[in-house]
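Read-outs: derived from the displayed coordinates by stated rules, not from any lab. These figures come from a predicted structure and were not determined experimentally. Glycine also receives a Cβ, built like all others from the backbone with ideal geometry; neighbour counts cover every protein chain displayed.
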Amino acid sequence: MIEITEHTRNVLLEVAKRKKIFVEGNFLKILKAPKGDSEFETYLKICKEKDSEARRKRLEVTKQVQAQNKQLEAKQKENESLMFDLQSALEDSESSKAEAEKLRDDAVESLETLQKKTQFELVGKIVKIALIVIMGVGLITTALFAYTLVIGQENPILESTWSNLFGILLTNSFSIVGTIMGVKYATGDK
């Protein structure tokens, strides 16, 4: 214990009265009032109460700061979790978008294949019908011409009709097939 001199005692009491500043902390534990000095004992008692109050307030502030730090840490973990979830959602969204684009491309390709198949079948039917008509007309005209030759009757109109008809049928058949193929290749890129 440190005994206080008269001069130190007076300075401490004067500072407490004028400026309301008191001794605090561990230093109070080693201060000892001179015997019979009730005023200084009262001063030391006030110092200890103020020190105790200041420590209690600092402890409350420390506890409050620690509680806030725990809340901040929990919020930070929650934010990190949300950021991770958001990143995962973005990645899932990008992969879903890529998958949707792939499905769309597959659907477009299937539609184009179906259209080409339908066009090919339609062209095939048109060519078959055109060939049947050409062959039918050619066979009928040839049969009539052969009949006139067999019966021995010459018919100049039938002869020229047969000749012209074969020329026209042959020209038209190439024209029909050429037109169909031209249309097929012209629309093939679309």
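Here are the numbers for the structure shown:
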item	result
In order through segment 158-172: 3J(HN,Hα) via Karplus (6.51 cos²θ - 1.76 cosθ + 1.60), integer Hz, x for Gly, Pro	5, 5, 5, 5, 4, 5, 5, 4, 5, x, 5, 4, 5, 4, 5
Dipole of segment 1-143, positive direction: furthest Cα of 76, 7, 86, with charges on the beta-carbon	7
Computed helical MRE - 222 nm, the chain, DSSP H runs ≥ 4 contributing -39500 (n - 2.57), nearest 500	-31500 deg cm²/dmol
R0 of 41 Å, Cβ-Cβ distance residue 143-residue 181: FRET efficiency to nearest 0.05	0.85
Linear extension gain, residue 11 paired with residue 74, 0.36 nm per residue minus alpha-carbon span	17.6 nm
Positive-end residue of 145, 25, 107, charge dipole of the chain with Cβ unit charges	25
Gained length - residue 21 relative to residue 93, 0.36 nm times residue gap less alpha-carbon distance	19.3 nm
Within segment 41-55: backbone nitrogen closer than 14 Å to the residue 1 label point (7 Å, Cα to C-beta)	41-42, 44-45
Sequence-distant residues sharing a close amide H with residue 32 (under 5 Å, placed H)	2, 4
Only Lys, Arg (+1) and Asp, Glu (-1) charged, at Cβ; segment 2-186 dipole about Cα centre in debye	1620
Net length gained if the chain between residue 66 and residue 83 were fully extended (0.36 nm per residue, minus Cα distance)	3.6 nm
Residues of segment 5-29 with amide N under 20 Å of the 7 Å Cα→Cβ point at residue 55	21-29
